[in-house]
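Please read the structure below before turning to the comments.
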């Protein structure tokens with residue numbers, strides 16, 4: 001799984017990253033007046049995670065789940 005940001009241009013979602021042709025995506029759009037807030041302990045964790053994704057330091061969700069199952 002990848003996390004990507006983008007914006008709507010002429011009614012279409014344009015992402016800041018390239019995804020493979022045919023990729024299935026889920027779009028979560030917040031309302032113009034809606035905010036996203038986290039507590040002071042969670043914010044640095046999320047910011048580090050976003051930085052890791054932006055550097056390409058991520059793995060597909062299927063691989064992560066497979067790895068977690070082997071730890072049981």
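Just so it is clear, none of the values below were taken in a lab; they were calculated from the coordinates. None of these values were measured; they are calculated from a predicted model.
Taking the Cα atoms of the chain, what is the range of coordinates along each of the three principal axes, in descending order and whole Å?
46, 38, 21
Pick out which of 28, 59, 50 has the largest mean-square fluctuation in a Gaussian network model of the chain, springs linking Cα atoms closer than 10 Å.
Looking only at 28, 59, 50, the biggest GNM fluctuation is shown by 28.
Pick out which of 60, 44, 20 has the largest mean-square fluctuation in a Gaussian network model of the chain, springs linking Cα atoms closer than 10 Å.
The residue with the greatest mean-square fluctuation here is 20.
Compute the length gained on full extension between residue 38 and residue 68: take 0.36 nm times their separation in residues and subtract their Cα-Cα distance, giving the result in nm to one decimal.
My answer for the length gained is 8.2 nm.
How large is the helix-only mean residue ellipticity at 222 nm for the chain, computed as the sum of -39500 (n - 2.57) over DSSP H runs with n ≥ 4, divided by its residue count, in deg cm²/dmol to the nearest 500?
-10000 deg cm²/dmol
Can you give the Rg and Dmax of the stretch 33-72 based on its C-alpha atoms, in angstrom?
14.0, 43
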